[in-house]
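Enquirer: Handing you a structure now.
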Amino acid sequence: MSRIRSTNTNPEELVRKYLFSRGFRYRKNVRELPGCPDIVLTKYKTVIFVNGCFWHKHDCPRFVWPTTNREYWIPKIEGNVSRDHYNQELLKERGWSVLVVWECQLKKKTFETTMNQLIAEIIKGKNGNE
């Protein structure tokens, strides 16, 4: 597990490069905000979490409970999920729009659709906050 990165993962890089190419400017991994969001768009008062399907228990075929060492993995993953919910609620209370992009949504078949929806949500959030 020491080789598992928590920042600058490939899915994060894909999302960041796409947003930058579309003119969005952001900050990365802002520790001052709850949950240390992967992407922070201060102009739009929006944060984006790019979650791995396994580590954050996404309801998709990519998530499967491990068959070995379950007494370790179940509390670990459930803890991640509850911490995610807690941090997202704190961010919303502070007036931030919270968006989540899942690893499985960044596959070739769904990438463009996911990114278009993401940009629409970012813009909608800004218009809704004005």
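Readers should treat all values here as calculations from the given coordinates under stated rules, not as data from a laboratory. Just so it is clear, the structure is predicted and the values come from calculations on it, not from any experiment. Note: ideal-geometry Cβ built from the backbone for every residue, glycine included; neighbour counts use all protein chains shown.
Enquirer: Would you compute, from DSSP H runs of 4+ residues alone, the mean residue ellipticity of the chain at 222 nm, taking -39500 (n - 2.57) per run and dividing by the full residue count, rounded to the nearest 500?
Expert: Rounded to the nearest 500, it is -14500 deg cm²/dmol.
Enquirer: Of the peptides 40-53, 57-70, how do they stack up when ordered by the mean number of other Cβ atoms within 10 Å, highest first?
Expert: 40-53, 57-70
Enquirer: Give me the Kirkwood hydrodynamic radius of the chain in Å, from all C-alpha pairs, to one decimal place?
Expert: Its Kirkwood hydrodynamic radius stands at 15.6 Å.
Enquirer: So for each of 75-87, 9-21 I average, over its residues, the number of other beta carbons within 10 Å; can you give me the resulting order with the highest mean first?
Expert: 9-21, 75-87
Enquirer: A further question follows. Under 25 Å between alpha carbons, and skipping anything fewer than 8 positions from Lys45 in its own chain: which lysines qualify?
Expert: Lys17, Lys28, Lys92, Lys124, Lys126
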